[in-house]
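Read through the structure below, which is laid out as structure tokens, and then see the notes.
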Amino acid sequence: MNSLLNVGNTGITLTILEKSTYSTWLSTQSPFNQNWLQHTSYKGEGLALLPNFAAGEEGSLSHAIFVVDDANHYFACGDLISKLPAGQYQLDAATVHQQAICFAWLIGAYNYQAYKTNNTDKELPSLVVSEQNLVDNAIKYAQATNLVRDLVNTPAADMMPKNIGDTAQALAKTFGAKVSQIIGDELLENNYPTIHAVGRASVNQPRLIDLTWGNESHPQVTLVGKGVCFDSGGLDLKPAAGMRNMKKDMGGSAHVLGLAHLIMSHNLPINLRVLIPAVENAVSSNALRPGDVVTTRKGLTVEIDNTDAEGRLVLGDALCEASQDKPELIIDFATLTGAMRIALGTELPGFFSTSDAVAQGITEAGSKITDPVWRMPLYSPYNDLFKSTIADMTNCSTTPFGGAIAAALYLQRFVDQDIDWVHFDVMAFNIRPLSGRPLGGEAFGIRAVFDYLQTRFKKNT
């Protein structure tokens, strides 16, 4: 990334404007540039390239302009790096817009090519800006986002519980964190029965990954990420269409690792813990069965109504563990329900919170940095939908309606009431290409959460 964005003061001028300011800017330009834009039918929207007419430079590129609706939108310039010819460009934009532009510049360069044998991508241009902090912040945000994308995009065969553990280990090595893992039958020995029950059918051993970082005297924040590396549905087998993209069902784990990257790279003054229950929901002779009853880490018994509602099972044990050391805040991410996608679509993540103040802070942060999120209600009367005749509860509600709320209420039972809790139900995947956001794995909500955390836990400098 350092080759794409640097500090400097030389290069082809790249002017980025909003539509509302284009006419004023145009009036200050040379007659040559005005005539060129007029006769090339440029309408003050998108990219325009201006040629050089100086002696000896005829026909070379002298200036590029890019006009957008809102330059503060963090993806407005997301496709710019792929549209410009190779070369070095110097940014000319209002100071208030430069952070968003720098992020978009880097994020637009993302192209998942790990399994391509013939990489024919064109040479990308570079951008120079005036301040190092612009470069540093943009790189940190882009690295975290691209980490999420890479993890979700990786085929399940190469992104099983061990691989997530290896990723956590690599992240820990980079930032001086510690990682421990409880693997296979050790889960039973250490009282994580539902993680074991969901993952025992796979040759890829289930595990609980536990990353810690920071000063223990700082406020503790614990992140929990659903790490279902592939979801066949278990014995309640998914149809082929529903199974096709289930490599993304570990998207929650990818999100908390990306968020952890942001927290650690910015050296945020918190005591961070990251818990990832990592499993494959597979089918074999010892697979979890519909009608089975499992005893959770919390002691609650759960009758299995549907083996395809496995994410909430593994998260339950992890959330119970997260509650035991009484953090100031617990935040979980999960690709949990199709119901949330029905409610809000694939591009707007829904979240639940037991704290109005935390929910408002995250929502406002998301609006500020173009990482929108939407709060959903923890409607407690729906708790009645989990009744079982032989256990404390079922793992599914008795109705298909309100599925995202019901799943959140299930998880809430495993979080101590005196701890602020936030649950994100995310898609983790782009189903259509957008500016700076290609098809495939995507990070939703982590920049919003980080901005909130950064505001709440300010450095004492």
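A short reminder: the numbers here are calculations on the coordinates, not readings from a lab. Quick caveat: nothing in here was measured; it's all calculated off a predicted structure. Cβ placement follows ideal geometry from the backbone for every residue including glycine, while neighbour counts extend to all protein chains displayed.
Before moving on, here are some points about what is shown:
- Neighbourhood net charge (10 Å Cβ-Cβ; Lys/Arg +1, Asp/Glu -1) for S388: -2
- Relative to the longest principal axis of the Cα atoms of the chain, helix 161-175 runs at roughly 50 degrees.
- Fully extended contour minus Cα-Cα distance, from S62 to E328, at 0.36 nm per residue: 90.3 nm
- Rounded tilt (10° steps) of 132-153 against the dominant C-alpha axis of the chain: 50 degrees
- When W36, W421 are sorted by how many other C-beta atoms sit within 10 angstrom of their C-beta, beginning with the fewest, the order is W36, W421.
- Equivalent ellipsoid, the range 5-109 (semi-axes from 5 times Cα gyration tensor eigenvalues, Å): 22, 17, 12
- Contact order, relative form, for the chain: 16 percent (alpha carbon pairs under 8 Å, 6 or more residues apart, mean separation divided by residue count).
- Rounded D (µm²/s) - the chain, Kirkwood Rh over Cα pairs, Stokes-Einstein at 20 °C, 1.002 mPa s: 91 µm²/s
- Listed peptides 399-410, 179-190 by packing density, highest first (mean Cβ within 10 Å): 399-410, 179-190
- Scattering curve values for the range 219-287, log₁₀ I(q)/I(0), Debye with Cα scatterers, q = 0.26 Å⁻¹: -1.07
- Across the range 253-391, C-alpha contacts under 8 Å between residues 6 or more apart give a mean separation that, scaled by the residue count, equals a relative contact order of 19 percent.
- Of the residues I270, G252, A404, the one whose Cα sits farthest towards the positive end of the charge dipole of the chain is G252 (charges of +1 on Lys and Arg Cβ, -1 on Asp and Glu Cβ, taken about the Cα centre).
- Centroid-to-centroid, using Cα positions, the range 153-184 and the range 334-390 are 27 Å apart.
- Rounded to the nearest Hz, the phi-derived 3J(HN,Hα) couplings of the range 256-268 under the Karplus curve 6.51 cos²θ - 1.76 cosθ + 1.60 (θ = phi - 60°) are 6, 5, x, 5, 4, 4, 4, 4, 6, 5, 8, 6, 5, where x marks glycine and proline.
- Globularity ratio of the range 236-338, using Cα Rg and 2.2 N^0.38 Å: 1.24
- A simple spin-label model places pseudo-atoms 7 Å from Cα toward Cβ; at Q113 and D92 they are separated by 3.1 nm.
- Using only side-chain charges placed at the Cβ, +1 for Lys and Arg and -1 for Asp and Glu, the dipole size of the range 347-461 relative to its Cα centre rounds to 340 debye.
- A cut-off of 5 Å between modelled amide H atoms, ignoring neighbours fewer than 5 places along the same chain, links N52 with G59, S60, L61, S62.
- Per-peptide packing, taken as the mean over residues of other Cβ atoms within 10 Å, places 61-74, 234-247, 163-176 in the sequence 61-74, 163-176, 234-247 from highest down.
- Amide H contacts for F230 (H built 1.01 Å from N in the peptide plane; partners 5 or more residues away or on another chain; cut-off under 5 Å): N281.
- The 3J(HN,Hα) values that the Karplus relation (6.51, -1.76, 1.60; θ = phi - 60°) gives for the range 8-15 are, in residue order, x, 9, 10, x, 5, 5, 10, 9 Hz. Gly and Pro appear as x.
- Here the chain is treated with +1 on each Lys and Arg Cβ and -1 on each Asp and Glu Cβ, and its dipole about the Cα centre works out to around 340 debye.
- Across the range 287-330, the residues whose backbone nitrogen lies under 17 Å from the label position 7 Å along the beta-carbon direction of E186 are 318.
- The 3J(HN,Hα) values that the Karplus relation (6.51, -1.76, 1.60; θ = phi - 60°) gives for the range 299-315 are, in residue order, x, 6, 9, 10, 7, 7, 7, 8, 6, 7, 9, 8, x, 5, 5, 5, 5 Hz. Gly and Pro appear as x.
- Positive-end extreme of charge dipole, the range 55-179 - chosen from A168, S60, G78 (charges on Cβ): A168
- Ratio of Rg to Rh for the range 151-190: 1.05 [Cα atoms; Kirkwood radius as inverse mean 1/r over pairs].
- Sorted by Cβ neighbour density within 10 Å, fewest at the top, the residues W213, W25, W105: W25, W213, W105
- Listed residues V358, I331, I369: farthest to the positive end of the dipole of the range 323-370 (Cβ charges): I369
- Whichever lysines have a C-alpha closer than 22 Å to that of K248, once near sequence neighbours (fewer than 8 apart) are set aside: K116, K162, K226, K238
- Assigned charges on the beta-carbon of Lys, Arg, Asp, Glu; the range 266-399 dipole about Cα centre (debye): 120 debye
- Bins of 10 Å, starting at 0 and running to the largest distance - Cα pair percent for the range 90-200: 11, 28, 29, 19, 10, 4, 0
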